[in-house]
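> Would you mind keeping the following structure in view while I ask a few things?
The values are calculated or read from the model by the stated rules, or taken from the named source; none is laboratory data. It should be emphasised that the depicted structure is a prediction, and the values quoted were computed from it without experimental measurement. Cβ placement follows ideal geometry from the backbone for every residue including glycine, while neighbour counts extend to all protein chains displayed. Quick note on the areas: whole protein, heavy atoms, side chains included, nothing else; ligands and nucleic acids left out. Shrake-Rupley method; radii C 1.70, N 1.55, O 1.52, S 1.80 Å.
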Amino acid sequence: MSAIVDEIRRAYATVGITVDQPAAYGTYYRLLCGGCGRMVGNVGDRLLPGMAAELVDAQFDLYAAGLLGCGCGHQRDRARALDPARWTAARARYPEAP
Amino acid sequence: MTAGGPAPNDVPDLDVVDDVGRRGRAGGWPLWRQAYAQGDPLPRFAPPPGRPAYRFDEDDALPGEYRDLLLKMLRHEGERAGNKSFLGFMGTCLDLAEALSPSLEARLLKAEYLAEELKHAIMFHRLAVGLDPDFALRDVPYAHYAFHLPRETWADDAFFHFLVDLNGAFHARDWRESSYVPLAKMSATVERDEVGHSEMGYRFLQEICADARGRALAAALLAKWYPAALDMFGRSDSPNAPKFVRWGLKSVGNAEIRKAYKRYVDAKLVALGLEPPDERRHRRFL
């Protein structure tokens, strides 16, 4: 499973999320905010090849709009640095937080 | 205990579970109760006419192909006390609830869910021991990618329960008529519990979709969960499907059960104000 886990690590690193050590017998991994270390989710190691990068890219707008990612804003800021135009468009598309 | 009542050791374990279950339940648990109030929520799957009427119980000698197919099905099911990967997965559910749940009530509901899944782990463990003690202790991580999709928000977790637990409910509905008697006997309990778990996810989605921002998030995440949920039924042209049907381990093929599941899910999505995605988009196992 290490090739898939490496793929998952690389995909999440682009948006400032760190894949932690295995949480359950090598099958599931915590996702940690690269900014503050808080847990932001989890992922398993049976994703299909190529799937992790696709999923993270598909979620770019959600990170940009603050609908996904840590409350500290690290993923939102990372998304802005990655693609400012897409970031601006995403934030215009999603309703503002109350 | 009152004088003249049963001795403690005479009370069946699962009766004790039911008894404590009448106290201290969170948030209207069990959530299947409302779903069944108007009758059977899930469709019956009619087997093909003229199928041989096999029936095997725990101590019966099983034909080789039958045994292999039954074990294959139980490997996918996964909920066994001797399957450490299943127990690990349960741990991740608590971990997620601690990190992402919006309220104490939501965490308590999630704990009710875990309690019922652990009850299933006892039931399937005993079924597995009766079938093959080696298998009962085998570590079998969930193989399907749907169990491994990232969950980064409570809405992800809600979709997981609404869609993935519902997959289990549809299969358990079909097991009511299974040719393997121990599985048929426990099917109604597993089915109704899994319907309740799906309803838990749906309740969370109703709360999330109550405002525009939450609905926008759910609509975006649906593109991740919907194809995975449909893929869980396997390929429509699976060569094993007719064998399962012939032996009475399933009533219908993958395409038919997926179609019924999709009809049920789509109606619930529309009620949430979400548009069901194109059923072929992002699918891996057509």
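> Please give the peptides B:256-263, B:97-104, A:57-64 ranked by average Cβ packing (other Cβ atoms within 10 Å per residue), highest first, as a rough proxy for protection.
A:57-64, B:256-263, B:97-104
> Would you mind calculating the relative contact order of the stretch B:128-285 from Cα pairs under 8 angstrom and at least 6 residues apart, reporting the percent as a whole number?
Values: 167 pairs, mean separation 39.2, N = 158.
For the stretch B:128-285, the relative contact order is 25 percent.
> Only helical DSSP H runs with n ≥ 4 go in: add -39500 (n - 2.57) per run for chain B, normalise by residue count and round the 222 nm mean residue ellipticity to 500 deg cm²/dmol.
Helix contribution divided over all residues of chain B: -18500 deg cm²/dmol.
> Is there a simple number for the mean count of other chain Cβ atoms within 10 Å of the Cβ of residues in A:42-49, and what is it?
That average works out to 6.
> Let me ask another. Taking 2.2 N^0.38 Å as the expected size of a compact globular protein, what ratio does the Cα radius of gyration of the stretch B:222-286 give against it, to two decimals?
Computed over Cα atoms of the stretch B:222-286, the ratio equals 1.22.
> Based on the mean of other beta carbon atoms within 10 Å per residue, what is the order of A:43-56, B:31-44, B:187-200, most packed first?
Per-residue Cβ counts within 10 Å, averaged per peptide and sorted highest first, yield B:187-200, A:43-56, B:31-44.
> Compute, for the stretch B:62-271, the length of the dipole vector about the Cα centre, with Cβ point charges of +1 (Lys, Arg) and -1 (Asp, Glu) only. Units Debye, rounded to 20.
Here the stretch B:62-271 has a charge dipole of around 540 debye.
> So between B:Lys262 and B:Lys72, what do we pick up on full extension, going 0.36 nm a residue minus the alpha carbon distance?
66.0 nm
> Something else: Cβ neighbours within 10 Å, averaged per peptide: list B:205-212, B:48-55, A:84-91 in order, most packed at the top.
B:205-212, A:84-91, B:48-55
> Distances longer than 38 Å among the Cα atoms of the protein assembly as shown: what percent of all pairs is that?
So the pairs more than 38 Å apart make up 21 percent of the total in the protein assembly as shown.
> Hull surface divided by four, with the convex hull built on the Cα atoms of chain B: how many nm²?
Values: hull surface 67.4 nm².
It is 16.9 nm².
> Other chains' Cβ within 10 Å of B:81-87 residues: what's the mean?
Numbers: counts 0, 0, 0, 3, 5, 3, 2.
Across the residues of B:81-87, the mean count of other-chain Cβ atoms within 10 Å is 2.
> Computing the accessible area with a 1.4 Å probe over protein heavy atoms, can you report the carbon and sulfur percentage for the protein assembly as shown?
52
> How much of the pair distance distribution for chain A lies past 22 Å, counting alpha-carbon pairs only, in percent?
For chain A, the share of Cα pairs beyond 22 Å comes to 28 percent.
> Please tell me which of these pairs span more than 18 angstrom C-alpha to C-alpha: B:Lys224/B:Lys262; B:Lys119/B:Lys259; B:Lys185/B:Lys259; B:Lys84/B:Lys243; B:Lys224/B:Lys250?
From B:Lys224/B:Lys262; B:Lys119/B:Lys259; B:Lys185/B:Lys259; B:Lys84/B:Lys243; B:Lys224/B:Lys250, over 18 Å: B:Lys119/B:Lys259; B:Lys185/B:Lys259; B:Lys84/B:Lys243; B:Lys224/B:Lys250.
> Normalised by the number of residues in chain A, what is the relative contact order in percent for Cα pairs under 8 Å and 6+ residues apart?
Result for chain A is 23 percent.
> At R0 = 35 Å, how high is the FRET efficiency between A:Ala3 and A:Thr88 if r is their beta carbon distance? Nearest 0.05 is fine.
For R0 = 35 Å, the calculated efficiency reads 0.50.
> Same structure, new question: At the nearest 100 Å², what buried accessible area, both sides summed, do you get for A and B when the probe is 1.4 Å?
2700
> What is the extension gain from B:Ala115 to B:Asp139, computed as 0.36 nm multiplied by their sequence separation minus the C-alpha to C-alpha distance, in nm to one decimal?
6.6 nm
> Can I ask one more? Taking each residue in A:21-33, count the Cβ atoms of any other chain within 10 Å of its Cβ, then average. What number comes out?
Mean shielding count: 5.
> Averaged per residue, what accessible area in Å² does the protein assembly as shown show with a 1.4 Å probe, protein chains only?
45
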